[in-house]
1. Taking the range 248-264 as the search range and keeping residues that are in a strand (DSSP E or B) and among the acidic types (D, E), which one is surrounded by the fewest Cβ atoms within 10 Å (Cβ to Cβ)?
2. Taking the conditions exactly as written (in contact with an Asp or Glu (Cβ under 7 Å, 6 or more places away or on another chain) and either in contact (Cβ under 8 Å) with a residue 12 or more places away in the chain or not aromatic (F, W, Y) (or both)), does S97 satisfy them or not?
3. Step by step: first the residues of the range 31-52, then only those that are open to solvent by less than 70 Å² (accessible area, probe 1.4 Å) and of a type in the set (A, V, I, L, M), then the one that is farthest from the chain's Cα centre (by Cα). Which residue is that?
4. With respect to V237, is the statement that it is modelled with pLDDT of 80 or more, surrounded by 14 or more Cβ atoms within 10 Å (Cβ to Cβ) and not in a helix (DSSP H, G or I) true?
5. Just one of the numbered conditions (1) part of a strand (DSSP E or B); (2) modelled with pLDDT under 70 is not true of D188; which one?
6. So H242 clears everything in (1) open to solvent by 40 Å² or more (accessible area, probe 1.4 Å); (2) at pLDDT 75 or above except one condition, right? Which one?
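The values are calculated or read from the model by the stated rules, or taken from the named source; none is laboratory data. Owing to the predicted nature of the structure, the values given are computational and were not obtained by experimental measurement. Cβ atoms come from the backbone with ideal geometry, glycine included; neighbour counts cover every protein chain shown. For accessibility, only protein heavy atoms count, side chains too; no ligands or nucleic acids. Shrake-Rupley method; radii C 1.70, N 1.55, O 1.52, S 1.80 Å.
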Amino acid sequence: MDNKLIPYGNNNIMDCFRKTDDILTDMRGIIDSARQSAYQAVNYALLQRNWLLGYRIAEEELKGDNRAEYGAEIIKSLSRELTDTYGKGFTKSNLYSFYAFYKAYPEIFQTPSGKFRMLSWSHYTALLQVKDAAAREWYEKEAAEQTWSVRTLQRNISSQYYYRLLKSQVKNPVKAEMEKLTSPYQEDKLEFIKNPVIAEFLGMEQDKSFTETKLEASIISNLQKFLMELGKGYAFVARQQHIHTEKEDYYIDLVFYNYILKCFVLIDLKTNKITHQDVGQMDMYIRMYDELKRSDGDNPTIGIVLCADTDEDIAKYSVLHGNEQLFATKYKLYLPTEEELRAEIETQKAMFYLQQEGDQDKENGKA
């Protein structure tokens, strides 16, 4: 008897199933196939939506005789209206990406199926960074054929992998090095589930367990209460606020608005020693907040990078635009001191570990 199930309609899960003598292998195969099929369906709908939105923006732009200022006003207005109606996912930056997607791939849905599989939207946002059409087509083909993850594709674009291969007399060592460096990126089988773009498209809340450890969650929860209890004008804005750039998805641990200082205060926690990259990342957050959230009456955004390890670099404050003097003379009156932050983090770490020990003792007692 044939072990292949009879297909029902256009159902590739049924088509792909083959019964074996190992039930666990079969069950895993069914689950993985169902997940992949669901993702492909969602991804294809997302790509169609974004392409059509880009097409519609391009068509509207023609009414203004391709004037840049006309297109900018359209996108600004659309972003505001769509965000009010549908929530996240329709920033000006995203709308420009949809427009760029349509311009770069005007016939993507007319391409004969079977040429290669369609990539995810996150793959295409990475590809849009490549202005050389030949290089972009090569990266697209390789990503599809070699099943590169988004992080692998982004790493290869950033490291100029295409051009390095072109210049190399012997290509195998270049390829081997790339595969070694990107192998950790290829192991995440749930990458598509954790993709915040997919969550936003489906109107779902993102699972914060992917972005917070238990220790971080404990410290951040208590820092939130700590700052509110300081009584120095803090109003809570957001926790784990998602910021999407062309290359990465970032999450700011805590965002406050101080109505005395009239500025946003961003807080990010690191479990390791603070690095220059961490401070640079916070500066990026500040720039983005000043551009997207700050109004005419607001002062420059403040960023605080915290370190869960105990050392002299427990807290770093960051403020841009040449306002260091303003920061020193005014802002520090209303910001917690490094000593206060250090003490609060150490207190919460101690409480967390005591709680963990208590839970372990209870488990041992039950055993």
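1. Kept after step one, since they are in a strand (DSSP E or B), are these residues of the range 248-264: 249-258, 263-264.
Now narrow it down to the ones that are among the acidic types (D, E): 249, 253.
Details: D249: 16, D253: 24.
The residue in question is D249.
2. Values: in contact with an Asp or Glu (Cβ under 7 Å, 6 or more places away or on another chain): no; either in contact (Cβ under 8 Å) with a residue 12 or more places away in the chain or not aromatic (F, W, Y) (or both): yes.
It is false that S97 is in contact with an Asp or Glu (Cβ under 7 Å, 6 or more places away or on another chain) and either in contact (Cβ under 8 Å) with a residue 12 or more places away in the chain or not aromatic (F, W, Y) (or both).
3. A34
4. Values: modelled with pLDDT of 80 or more: yes; surrounded by 14 or more Cβ atoms within 10 Å (Cβ to Cβ): yes; not in a helix (DSSP H, G or I): yes.
Here the answer is yes, as V237 does meet what is asked.
5. Only one criterion in (1) part of a strand (DSSP E or B); (2) modelled with pLDDT under 70 is unmet by D188, namely (1).
6. (1)
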